[in-house]
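In what follows, a single structure is set out as structure tokens and then discussed.
No value in this document is a laboratory result; all are computed from the given coordinates. A quick note: this is a predicted structure, and the numbers were derived from the prediction, not measured. In this analysis, Cβ positions are derived from the backbone assuming ideal geometry, glycine residues included, and neighbour counts consider all displayed protein chains.
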Amino acid sequence: DLKSVTFKGSETYLTDEDTPVLSPAAEDLAKRAMDYTPEKPLYVVAIGAITNVASALLLKPEIRDRIVLVWLGGNALHWPDNREFNMYQDVAAGRIVFGCGAALVQLPCAGVVSGFTVSEPEFKDYFLGKNELCDYLAHYAIEEGRRWAQAETWSRVIWDVTAVAWLLDGEFMDDTLLHSPIPQYDDTWTPSNTRHFMRYVYNIHRDVLLKDLVQKLTEK
């Protein structure tokens, strides 16, 4: 029963960097993380605005040592700006998670994950006719791809897969440790040489990850 483990998230974004947005999701995460330890942390995968996680950290600051946060958010550090959908919706929340000291894995959107694309012929060849789920996903992706295509030879970024893929065994991406940068309210990054380290994904092995995705979705 998925309803029993699904919690409603925040209905608004943070108004500042000190006040949490109360929600069942944030409260559950704060409580759930307390059952973990620095030696056995809770892995938290986030693929949207980071409001719920930031609120949980404000509710229970001590969970920062009990979680590993994997977030698809923000643009690559070399990108001209940091105006990325998951980040600019709630910059205050982004500043909290990048500054709190929790173990953080960032999968940047533009400049990194934006390279994980699938074209219409690939959707048709790899997914259509394999099973009911593949048919649904392929038809939806093709419809949306055509809707936003700027050319007949379009491809579509499959964003959210990458956050989960980081947790899997496989040569799906390259990452490195660097000092946590500071997200600014003017849609830029401020680099740092003194803040805590975080793990930064800088490259996606597109073909390897796509092969694994196809195998997992099409297996009987």
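Here are a few things to note about the model shown:
- Exceeding the 19 Å Cα-Cα cut-off - candidates K124/K216; K130/K211; K8/K31; K124/K211; K3/K216; K3/K130: K3/K216; K3/K130
- Dipole in debye (nearest 20) - the range 8-49, about Cα centre, beta carbon charges: Lys, Arg +1; Asp, Glu -1: 260
- Note on the chain: helix-only mean residue ellipticity at 222 nm, from DSSP H runs of 4+ residues weighted -39500 (n - 2.57) and normalised by residue number, equals -9500 deg cm²/dmol.
- Peptides 117-123, 190-196, 1-7 ordered by average Cβ neighbours within 10 Å, highest first: 117-123, 190-196, 1-7
- Peptides 12-19, 29-36 ranked from most to least packed give 29-36, 12-19, packing being the mean of other C-beta atoms within 10 angstrom over each peptide's residues.
- Taking Cα centre as origin and charging only the Cβ of basic (Lys, Arg, +1) and acidic (Asp, Glu, -1) residues, the dipole magnitude of the chain rounds to 260 debye.
- Between helix 206-218 and the chain there is an angle of about 80 degrees, using the helix long axis and the longest principal axis of the Cα atoms.
- When the chymotrypsin sites (Phe, Trp or Tyr not before Pro) in the range 144-205 are filtered for DSSP coil states and for at most 13 other beta-carbon atoms within 10 Å of their beta-carbon, the remaining sites are Y185.
- DSSP-assigned coil residues among GluC sites (Glu not before Pro) in the range 127-178, each with at most 12 further Cβ atoms within 10 Å: E152, E171
- Placing unit charges on the Cβ atoms of the charged side chains and taking the dipole of the range 1-140 about its Cα centre, the candidate lying farthest along the positive direction among G94, V112, N75 is G94.
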